[in-house]
Every structure is written in C-alpha cells, then in structure tokens.
C-alpha cells in the first residue's frame with residue numbers, strides 16, 4: 001500500500017508540473033504567433049520602437065550598474081555581520097519587492113518632488129518627469145534583487161577561507177577582491193542578470209516618477225502601454241515579443257550562472 005501512495009503522490013506532482021509547463025508554453029506561443037509577422041517587421045523599423053529599445057537598454061544598464069555598487073557592500077554586510085537592527089535593515093532592503101511598483105513610484109515622486117524637488121532643480125538635477133527619474137525608478141525597484149542574490153552568494157562562502165587569506169598577509173580589501181569576489185562570482189553574475197531583467201521590465205514606478213512621455217521617457221514597457229491605450233495592437237505586440245525574448249534569454253543566463261558547479 002505504501003508504494004501505491006508513493007506512486008499516487010508522485011503522479012499528482014508530475015501532473016501539476018506538466019500542466020503548468022503546458023500552460024506556460026501556450027501562453028508564450030499565443031504571444032509569439034498572434035498577429036501578423038509582416039506588421040511586426042514594419043514595427044521594429046519604426047523610429048519610436050528604435051528609441052524605446054535604445055532608451056530602455058542604456059537606462060536599465062545604468063540602473064543595474066548603480067544597483068551593483070549598492071548591493072555589493074549591502075549584501076556583504078548582511079551576510080557577514082550581526083548588529084542591532086539587522087532585521088529592520090534587511091526588511092527595509094526588501095521594501096521595493098513587497099510594495100506595488102505604483103506605490104514605490106508615489107513614494108519616489110514625493111521624495112524627489114515636494115521634499116527634494118526645489119533643491120534638485122536649483123542644482124540642475126531635476127528628477128521628476130526626466131530621464132534621471134527613469135534610471136532612479138529602475139534602480140530602486142531592481143536593487144533589492146541584487147542585494148538578496150549577492151547576500152546569498154557571500155553567505156555560501158566559508159568565512160574560514162577569508163581568515164586564512166588574512167593570515168597569509170592579505171589586507172581586508174585584498175581578501176575581498178582576491179578571495180571573496182572570485183568565489184562569489186557565479187552568484188554575483190546571476191544576480192546582475194536578474195537585476196537587469198527587473199530593471200528592463202520596470203513600468204509602475206517609472207510611470208509615476210518619470211511620467212509617460214512618448215520619445216522622452218518611453219521605455220519598452222511604457223511603449224506597450226501607450227500603444228495599447230490608442231489601439232495600436234501591432235506595435236504593442238511587437239514590443240511585447242521583443243521583451244519576451246530578452247526576458248527568456250536573461251532568465252536562461254541567470255539559471256546558467258547560478259547553477260551549482262558552473263564554470264565561468
């Protein structure tokens with residue numbers, strides 16, 4: 001009887017797994033094969049599409065760079081040190097993950113508008129409804145993913161290896177650069193990939209802070225929203241397909257980077 005129960009249990013899990021995979025395949029196939037490919041080819045030659053692609057790529061890469069600069073020290077401290085208020089600090093790092101992006105955008109709008117807006121304008125660094133706002137919104141939403149992934153990567157390293165390096169004469173920065181970072185490189189690369197993917201697809205916070213302005217703050221996500229709102233389904237579909245292909249590529253890369261035993 002125990003074998004029967006085991007087989008039934010395994011069969012239920014396999015059935016759920018297979019149905020979920022089929023659902024995802026049908027979902028992706030519907031996006032890829034709905035619409036006319038001739039119209040798709042026309043859309044990807046449109047100047048607005050070119051602007052959205054280039055704008056999204058460079059802003060998301062810049063946001064990912066800033067996220068890495070913040071996430072490396074934050075992830076390392078959270079993985080290596082215990083201090084009063086650590087749980088609170090760790091929770092605050094997760095705020096952009098648990099908050100709806102629109103709420104995050106409202107918080108950013110208040111910070112860079114009524115609170116800091118006048119000072120930033122006088123300094124020539126206006127954020128609201130600007131390209132800077134796009135980068136900041138992407139950075140804010142994507143950084144927690146980098147922090148969490150980097151934290152896990154650093155936590156997977158045996159601290160004794162760092163202590164051994166110290167006994168061999170390495171300074172703390174030398175230990176970090178010559179021992180810690182190389183050992184954590186797979187997790188860090190995977191985290192950067194996931195962070196970039198999150199920045200690439202960000203919409204809600206960007207719309208609230210930078211606005212929805214065609215050919216100015218128009219990321220790929222905003223391009224989809226703008227063109228769907230005016231009934232240009234083909235433009236929205238072409239943009240969605242590009243984002244889907246990029247997302248699939250980034251997720252495959254993330255899983256390769258974080259897979260146990262990957263050699264980079």
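Among the residues of segment 153-185, those that are within 19 Å of residue 78 (Cβ to Cβ) and either assigned to a loop (DSSP other than H, G, I, E, B) or touching a residue at least 60 places away in the same chain (Cβ under 8 Å) (or both) comprise 153, 154, 155, 156, 157, 158, 159, 176, 180, 184, 185. Looking across 236, 199, one residue alone is over 28 Å from residue 114 (Cα atoms), assigned by TED's automatic domain parsing to the domain that holds residue 145 and part of a helix (DSSP H, G or I). It is 236. Got at least one residue in segment 102-121 being closer than 14 Å to residue 60 by Cβ and either under 21 Å from the mean Cα position of the chain (by Cα) or buried (at least 21 other Cβ atoms within 10 Å of the Cβ) (or both)? Checking segment 102-121: not a single residue is closer than 14 Å to residue 60 by Cβ and either under 21 Å from the mean Cα position of the chain (by Cα) or buried (at least 21 other Cβ atoms within 10 Å of the Cβ) (or both). Of the residues making up segment 52-64, those that are over 16 Å from residue 145 (Cβ atoms) and surrounded by fewer than 16 Cβ atoms within 10 Å (Cβ to Cβ) are 54, 57, 58. In this structure, is residue 256 under 28 Å from residue 29 (Cβ atoms), at pLDDT 80 or above, within 19 Å of the chain's Cα centre (by Cα) and surrounded by 14 or more Cβ atoms within 10 Å (Cβ to Cβ)? Taking the combined requirement at face value, the residue does not satisfy it. Within segment 103-121, is even one residue in the same structural domain as residue 176 (by TED's automatic domain parsing), out of contact with any helix residue (DSSP H, G or I) (no Cβ under 7 Å at 6 or more places or on another chain) and in a loop (DSSP other than H, G, I, E, B)? Yes. In segment 156-163, is there at least one residue being surrounded by fewer than 18 Cβ atoms within 10 Å (Cβ to Cβ), in the same structural domain as residue 222 (by TED's automatic domain parsing) and closer than 18 Å to residue 191 by Cβ? Scanning segment 156-163 turns up at least one residue that is surrounded by fewer than 18 Cβ atoms within 10 Å (Cβ to Cβ), in the same structural domain as residue 222 (by TED's automatic domain parsing) and closer than 18 Å to residue 191 by Cβ. There is at least one residue in segment 250-261 that is assigned to a helix (DSSP H, G or I) and within 30 Å of residue 112 (Cβ to Cβ).
Restrict the check to segment 70-84 and report whether at least one residue is farther than 17 Å from residue 206 by Cα, modelled with pLDDT of 90 or more, loosely packed, with under 13 Cβ neighbours inside 10 Å and more than 19 Å from the chain's Cα centre (by Cα). For segment 70-84, residues farther than 17 Å from residue 206 by Cα, modelled with pLDDT of 90 or more, loosely packed, with under 13 Cβ neighbours inside 10 Å and more than 19 Å from the chain's Cα centre (by Cα): present. Considering only residues in segment 73-102 that are in contact (Cβ under 8 Å) with a residue 24 or more places away in the chain and not in a helix (DSSP H, G or I), the one that is nearest to residue 211 (Cα to Cα) turns out to be 100. As for segment 32-41, it holds no residue that is modelled with pLDDT of 90 or more and touching a helix residue (DSSP H, G or I) at 6+ places or on another chain (Cβ under 9 Å). Does residue 67 satisfy the condition of being surrounded by 10 or more Cβ atoms within 10 Å (Cβ to Cβ) and either free of Cβ contacts under 8 Å to residues at least 24 places away in the same chain or not in a helix (DSSP H, G or I) (or both)? No.
The values are calculated or read from the model by the stated rules, or taken from the named source; none is laboratory data. This structure is a prediction, so every number in the text was calculated from the model and none was measured. For neighbour counting, all protein chains shown are included, and Cβ atoms are generated from backbone atoms with ideal geometry for every residue, glycine included.
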